[in-house]
Structures are given as C-alpha cells and as structure tokens.
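Structure first, then comments.
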Amino acid sequence: MDSSEVPLLPPVRLAPAAELAAAVRAAPLAADLIRLGRWATSMGAPVTSEAVPGFGHDADWFWALATGTAFLDLDDAETAATPGPALTRLLDGADDLVLEVWTDVCYAVLHPEELGGETTGLPLLQLFALRVPMEAAELPGHEPLQALGLVERRGDRVALTPLGLWAGREYFYDMTGQDVPEVGSLADADAATLLYSLRCYPAPEQAEELAGWLAGREPGEAAGQVAAALAEVSPLSRAIGLSLLADDLGEEGRTALDGLLEVPRLGALVSTRLDAEASAVHDSGDVAWVLTDMAASLIEFGGAPEEILAELNPGGQAAELADMVAMLAVGDHEDTGHVLAFMIEHHPDKSVTFAARKALRRLRGLADERPGARGRKPRKPKRRR
C-alpha cells in the first residue's frame, strides 16, 4: 500500500485491558474454540481431524484454525493433536496473554490464505479508518468479524466494538505500517517519539497528550528536549515541534527556537516559522531546503495526490511551481528525491514534471560530488506497545 495515499489517522482511546480480555472470552468464535479445547481434553488421547466436531464451522477450516493458533497441538506426524496452551491462556491467563491469543486468532482469520478462505480484513480496515457505523450492505464479508467479537449489528448498520477498535489498530499497522497512537500513552516517551506520534492528533487530543508529557518535566527541560529532537525527526514531526515551541511551551519554547537560528538549514526553517526580519535572508540552498521540508511534511501527512498538490501550489500556477521545483536540488535535503519523485508521478502539468525530472538528475549529480549530506536521517521511533 502506498503510504503517501494513506492519511494519518487520529489517535484511539482503547478500553482497559481487562475489558478487552472479557470481550475476547465472550466472542462467539472464542466460545467455539473453548468448547473444542474442552472436548479434546475430555477425550484423554490425541484426536484427529476426522473426529473433531466443527461446532457449526467447516470442519477442515476449524481444524486448521485450532492447530494454527495453539488451541490444539499437532504431533510430529501432524496427523493427531492434543489440547494446546492457548486454551489455558484464554481461560485463566492474564489480560495481556488473552489478547496475545486473540491477536493470533484474528491474524489467522484475517489472513486466510493460510486457511484456504477468502479475504475478510477489508471491512475492518474501512470501519477503523472511518470510526463510524457503516451500512451492512457496504461491508460484504463482515460476518467473520462478528464471530471474532470485533463488530456488532445495529439494525442495518455495522459498528466496531471496543475489541474491534483494538484489533483494527493492530491490523491497520500490519497493512499500512502506520502506528495509530493511543491517547495517553506518551507521558514517558522521548521528544522524538512524542513529535512523531502527535502528527495525527486533533487539537483537543494534542493538548491533552502534551499536558501529560509536560507533567513530569520542567518547562526549560521540555523545550530543550523538543528543540534537540528537531534535526532527527521527520518533516511533519519537525513542523509539529516548531509549532509546540512557538505556541505551547511559553517563553522557554521561544528561547529554544532562538537558539536554533544559527543551526545550518534548520535555522532557516525556524526563521521562516518566526517570520524573521529581512536581515536574516538565507541563500538559495536554505530556501530550497525549507521548501523541500515543507513539501515533504505535506506528503508525509498523506491523502489523495491531487489534494497534496493543491496544498503545495495553492495558486494553481504551474509555471510558479515549476520554478520552485527546479531549485530544490540545491538544498541538500534528504527528502528532495522523494518530493521530486512525487511531482513526477502525480503532477498533471508537463512543465512541472519536466522540471522535476531535470532537478532529480541534477540532484543525483550533486550527490556524487558531495562528501556527505548535512544532518541525519529522520528516525521513525520504534513502535510503542
């Protein structure tokens, strides 16, 4: 999936782990797997696929699901099975163990090439992305999600359950690589992780999350940590950080911003953000770097290419955009190639794509001549669990 076409989704508020674990145990498919495990236990000997009851499911599918998720343990010959550890974990395990078991079950059902079925994950992605009930007719194939306890019917509509919101977040990450944050989870995060996560926060949730992060830090310390992270984070994260320093972290934030003005390239971006006086005019390399960073932040936010292009060129003048694109190669921004490639692939005007191709060739030529690019590669923080 093209990450530039997947808009950043807002954060989620998940139910407590105990509530989610209880919802797992109450799911129809969990009840059937528990019945199967208890039946296998009552047999007192290994059972074969031919003898296993389907409990209303296709017997071969149910056998594959149970053996693939450790409700049944296959012998070395893979012809017979005994009760597996997943049954005990589901019945008596801690909340996190119950959710681990259900993660495996959801994965098996939503990636059914391993079970010989048809794709069932798209309705979950749609519901998670929209976060509102949808007409059942618009969600063909949502029935397996009901068995998993992830959705419920509300008349003619289908809605995510709290368990479905949790599972949707996991599945969305698997499918797109986008880690949708959980509100209230960043109090102990470092500044880079905070800025990376806040990219998708609406204003009220951002204020709530920021307040939690600031609660354990002195104002000057917090501003210093945010300022220190700006050089290493992604362009959109950097824009979030500049906004926090300018608008949310008080005098300490503004002092930290002033301290960045002399940093190569980053200082030019700060100056632009502060609308500095004409005495702080920067050279063409600074201008190109700033333009690239701003463009890259819009692309990073995601969405339809035509919407991103409209933001990049609100006046709609192709000639002006072509002139801007032509100068990007001199800015030594590590996302320049990505921005130019986006223009080449998506802009409908030939003058812009021509300018982008020419700039990309120049960029590659300059890269061969440079002893090294300025700055470091933006770091995507490790996913927080």
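I'm checking my understanding of the structure. Among residues of segment 106-137 that are part of a helix (DSSP H, G or I) and within 17 Å of the chain's Cα centre (by Cα), which one is modelled with the lowest pLDDT? The qualifying residue modelled with the lowest pLDDT is LEU122. Per the listing GLY267, GLY253, the residue uniquely at pLDDT below 95 and assigned to a helix (DSSP H, G or I) is GLY267. If only residues of segment 157-177 that are hydroxyl-bearing (Ser, Thr, Tyr), in contact with a helix residue (DSSP H, G or I) (Cβ under 7 Å, 6 or more places away or on another chain) and assigned to a helix (DSSP H, G or I) are counted, the one that is farthest from ALA26 (Cα to Cα) is THR176. Within segment 345-357, residues that are in the same structural domain as GLU307 (by TED's automatic domain parsing) sit with their Cβ atoms under 7 Å from residues that are buried (at least 17 other Cβ atoms within 10 Å of the Cβ) and hydroxyl-bearing (Ser, Thr, Tyr), at 6+ positions apart or across chains, in these pairs: HIS347/THR353. Condition test on ALA246, is it small (Gly, Ala, Ser), crowded, with 24+ Cβ neighbours inside 10 Å and assigned to a helix (DSSP H, G or I)? Here the answer is no, as ALA246 does not meet what is asked. If you filter segment 327-358 down to residues that are touching a Lys or Arg at 6+ places or on another chain (Cβ under 7 Å) and in a helix (DSSP H, G or I), you find that the one that is farthest from THR292 (Cα to Cα) is ILE344. Taken over segment 185-196, the criterion of being assigned to a helix (DSSP H, G or I), farther than 12 Å from GLY212 by Cβ and not β-branched (Val, Ile, Thr) is satisfied by ALA191, ALA192, LEU195, TYR196. In segment 40-61, the residues that are under 16 Å from VAL109 (Cα atoms) and not assigned by TED's automatic domain parsing to the domain that holds ASP73 form no Cβ pair under 9 Å with any partner that is assigned to a loop (DSSP other than H, G, I, E, B) and of a type in the set (Val, Ile, Thr), whether six or more places apart or across chains. Note on segment 1-81: enclosed helices (runs of 4 or more DSSP H) holding 1 or more residues that are touching a helix residue (DSSP H, G or I) at 6+ places or on another chain (Cβ under 7 Å) and of a type in the set (D, E, K, R) are 17-26. Among the residues making up segment 181-234, a single one is under 17 Å from the mean Cα position of the chain (by Cα), surrounded by fewer than 15 Cβ atoms within 10 Å (Cβ to Cβ) and farther than 24 Å from LEU298 by Cβ: GLY184. Of everything in segment 140-156 that is surrounded by 19 or more Cβ atoms within 10 Å (Cβ to Cβ) and touching a strand residue (DSSP E or B) at 6+ places or on another chain (Cβ under 8 Å), the residue that is nearest to ARG25 (Cα to Cα) is LEU150.
The values are calculated or read from the model by the stated rules, or taken from the named source; none is laboratory data. Predicted model, so just to flag it, every value in this text is computed and none were measured. No Cβ is skipped: glycine too gets one built from the backbone with ideal geometry, and neighbour counts run over all protein chains shown.
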